[in-house]
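Each remark here refers to the structure printed beneath this line.
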Amino acid sequence: LPMLQTRYQEMPEPKFMYGSHYSSPGYVLFYLVRVAPEYMLCLQNGKFDHADRMFNSIAETWKNCLDGATDFKELIPEFYENDSSFLVNSLKLDLGKRQGGKMVEDVELPPWASGPDDFLQKSQEALESPYVSEHLHEWIDIIFGYKQKGSEAVAAHNVFHPLTYEGGVDLNSIMDPNEKVALLTQILEFGQTPKQLFTTPHPQRKIQKLKSLSRTSSHSMSIGESPVSPNEESFEDLTEESITLAWNNIAKLKLDKQYKIHKEAITGIAVTCNGSSIFTTSQDSTLKMFSKDSKTIQRSVSFSNMALSSCLILPGDTTVITSSWDNHIYFYSIAFGRQQDVLMGHDDAVSKICWHDGRLFSASWDSTVKVWHCVPGEILSNKKHHFELLAQLEHDVSVNTIDLNAANTILASGTKEGTISVWDVTTATVTECLNMLFLLLSLFLLFASFFCTDSRHLLSTGEDCCFKVIDVQTGMVVSSVTAEEPQRCFKWDGNTILSGSQSGELLIWDLLGGKVIERIKGHTGAVMSMWMNEQCNSVITGGEDKQIMFWKLHY
């Protein structure tokens, strides 16, 4: 490294620390020559490389990368898979004779490996070890993240030749076709740095501190020896484990009870913390309070003759907020059983609302999302709330849906034309609100979009019958799954989707496999809304058939 640093400091612009790359076709074939010799021959003009430069031993390759000034190649996925044939010269290829007179045969393995299969197994175990998990984000920072380019790359000794970076050369400015072909060939063979995905430090992987303790071990371990305090460990880790268990068994969701409580389609569901009271909104213009214990409607409130579009319960279970097609947002006091306040916030129907820490986010068909600061009336010693407009997020067309990420720092909004906008709301003021990205997904109406718990991926669906996963930081569509019919609402954990379809079925999707793994009969019309508890083992759906359905997991 000191030698490379000295050369870098003495080099004229454009400077680079490494004259070769860590990933190129030649390096991949270097490792795979014993199973894919024809590709090596193609690359080397019909000849194998010199015997002493072949992939002869793990130790030798490691030493060259550690000490050499021109060798920086990374390992390839085959080192962590189950096929060890690339380490064995089973084809009996004549790969040449080394200077010491020894023929190139099988790859020499480290002394800790009893054979090729054992070597791969131990490599897998190392890759999946807690140490790697704890430091994986540092590798991501260098390869895909904020240390890939600029001053952070210089500080991290991570500067490669300019040609290896995306946008390192403007090919459109080169008019000579021969020069352009030569440059493209050089880029292809030299190696390419991946697209930069992140410009801020990647978070460390969340490692479970303590999976479980047997009765004997929990008694024998003193508090001082415990890696975390009992209270701190148990709740977070057990909640996380129960959520994982629930999603792993989500296909076992069964209908528990169903009730027809509205005269039109149900548009929103909110549930009190103890789960005893369910509030629903409907296109019949009413807000209803349903008691789970008595199985009866306890309250029915109508604020106007226009449809209600969504609802939420404020922390403390004291107030329900509903949005309406009459352009207003209504505040209903649960304790006093009456309308507490009204916010005349938009020029067209309010389609969706979100709440966090005294801030109300409202989406509307008037092409805006507004951010309000709300001070409850009790604090101001009067019955009315005080509303202050903090920000107005402009769109080109009607906004149908919004969602806040888990950290409540990013807001996603979806329009009737299929555009998703992602906003940084941490500094939301009337004059300042950062628009992070616009992404045109389709030309179809968006029904719903929700962040994953990692806050880095967003899933959306619309009239085009597609589920699309978007990387929030890059705006790239990571994956896409197409359904047979529109999916009106959903919940997801990053891998599995529970969706409510146009026909009334609940569908469970394997997102990675891109397929439906379970169909559950439910409503007789479209599933319009869905609520899921924190443990993800209880679901309530509201349908076009005017019913609410209670679902439970049966493990």
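The values are calculated or read from the model by the stated rules, or taken from the named source; none is laboratory data. Worth saying up front: this structure is predicted, and the values here are computed from it rather than measured. Ideal geometry is used to build each Cβ from the backbone, glycine not excepted, and the neighbour counts take in all protein chains shown. These accessible areas exclude ligands, DNA and RNA; they are computed on the full protein's heavy atoms, side chains included. Shrake-Rupley method; radii C 1.70, N 1.55, O 1.52, S 1.80 Å.
Just the residues that are aliphatic (A, V, I, L, M) and open to solvent by 60 Å² or more (accessible area, probe 1.4 Å), please, taken from the range 36-69. Walk me through it before giving the result.
Initially, the range 36-69 is screened for residues aliphatic (A, V, I, L, M), giving 36, 40-41, 43, 51, 54, 58-59, 66, 69.
Of everything in the range 36-69, those that are aliphatic (A, V, I, L, M) and open to solvent by 60 Å² or more (accessible area, probe 1.4 Å) turn out to be L43, A59, L66.
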Self-check item: Selected residue (criterion: most open to solvent (accessible area, probe 1.4 Å)) from residues of the range 114-151 that are free of Cβ contacts under 8 Å to residues at least 12 places away in the same chain and closer than 20 Å to P162 by Cα
Solution: S151
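Among the residues of the range 346-358 satisfying the criterion of being out of contact with any Leu (no Cβ under 7 Å at 6 or more places or on another chain) and not β-branched (V, I, T), which is nearest to T409 (Cα to Cα)? Write out each step before concluding.
First, the residues of the range 346-358 that are out of contact with any Leu (no Cβ under 7 Å at 6 or more places or on another chain): 346-352, 357-358.
Within this subset, residues satisfying the condition of being not β-branched (V, I, T) are 346-349, 351-352, 357-358.
On the way: H346: 23, D347: 26, D348: 26, A349: 25, S351: 21, K352: 18, D357: 12, G358: 14 Å.
Looking at the filtered set, the residue picked out is D357.
Got a sec? Which of D326, D348 is part of a loop (DSSP other than H, G, I, E, B) and surrounded by fewer than 16 Cβ atoms within 10 Å (Cβ to Cβ)?
Details: D326 fails: surrounded by fewer than 16 Cβ atoms within 10 Å (Cβ to Cβ).
Among D326, D348, only D348 is part of a loop (DSSP other than H, G, I, E, B) and surrounded by fewer than 16 Cβ atoms within 10 Å (Cβ to Cβ).
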Quiz item: Before we move on, is A153 in a helix (DSSP H, G or I), outside the structural domain of S24 (by the TED database) and at pLDDT 55 or above?
Solution: no
Quiz item: For the range 1-42, how many residues are farther than 21 Å from T185 by Cβ, assigned to a loop (DSSP other than H, G, I, E, B) and not hydrophobic (A, V, I, L, M, F, W, C)?
Solution: 4
Exercise. Being assigned to a strand (DSSP E or B), within 15 Å of the chain's Cα centre (by Cα) and surrounded by fewer than 22 Cβ atoms within 10 Å (Cβ to Cβ) narrows it down to one of S449, S480, so name that one.
Key: S480
Self-check item: Lone unmet requirement of (1) hydrophobic (A, V, I, L, M, F, W, C); (2) at pLDDT 95 or above; (3) under 22 Å from A406 (Cβ atoms) for C452
Solution: (2)
Quiz item: Does K206 count as open to solvent by 40 Å² or more (accessible area, probe 1.4 Å), at pLDDT 50 or above, among the charged types (D, E, K, R) and not in a helix (DSSP H, G or I)?
Solution: yes
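Can we say K147 is in the same structural domain as A59 (by the TED database), assigned to a helix (DSSP H, G or I) and basic (K, R)? Let's see the steps before the verdict.
Values: in the same structural domain as A59 (by the TED database): yes; assigned to a helix (DSSP H, G or I): no; basic (K, R): yes.
When the stated conditions are applied, K147 does not pass them.
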Quiz item: Residues in the range 175-182: is at least one exposed (fewer than 12 other Cβ atoms within 10 Å of the Cβ), assigned by the TED database to the domain that holds K15, under 22 Å from Q5 (Cβ atoms) and at pLDDT 85 or above?
Solution: no
Quiz prompt | Matching entry among L459, L411, L440 (being under 28 Å from G513 (Cβ atoms) and either open to solvent by less than 40 Å² (accessible area, probe 1.4 Å) or at pLDDT 85 or above (or both)) | solution = L459
